[in-house]
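As structure tokens, the structure follows; a few thoughts come after it.
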Amino acid sequence: MEINIRPSLRRNEKLRRLRRERKPTGPSREAVQDVEDRRDEEIVKEMWFLIVTGLALFLGGGYFYIVWGIWLRHCLNERQNEFKLLWPSLFSFPEVVRRSAPEEARLRAEGVPNGLAKKSQ
């Protein structure tokens, strides 16, 4: 399949085939070949675009899943006062960071774990 799509490989294969068959090429055949070469170059570019897009989506999804797992682990270990999930907007990458000491002390002084204050109201 690679020989059928990549023009550089096709040219090499074409030369080998011509040597075997010993047939002359006409100008019309070369024009058709040029059109096919341009078409195939576009196909290869589109294939690479799809590969890059698929990898980006896969790796991006993996990153979100790992960050969510880290945050969930801190919450299940009741350490949610020590860490916070930063996610500035929907189109940015989230991260789990350690809270500053004054912020952590303020949350401990209140005595209410993260999220329980909303449920009690």
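Taking the condition at pLDDT below 95 and outside any loop (DSSP other than H, G, I, E, B), does LEU50 pass?
Criteria not met by LEU50.
Being outside the structural domain of PRO102 (by TED's automatic domain parsing) and among the hydrophobic types (A, V, I, L, M, F, W, C): is that true of LEU57 here?
Yes, satisfied.
The values are calculated or read from the model by the stated rules, or taken from the named source; none is laboratory data. Please read these numbers as outputs of a predicted model, since none were measured by experiment.
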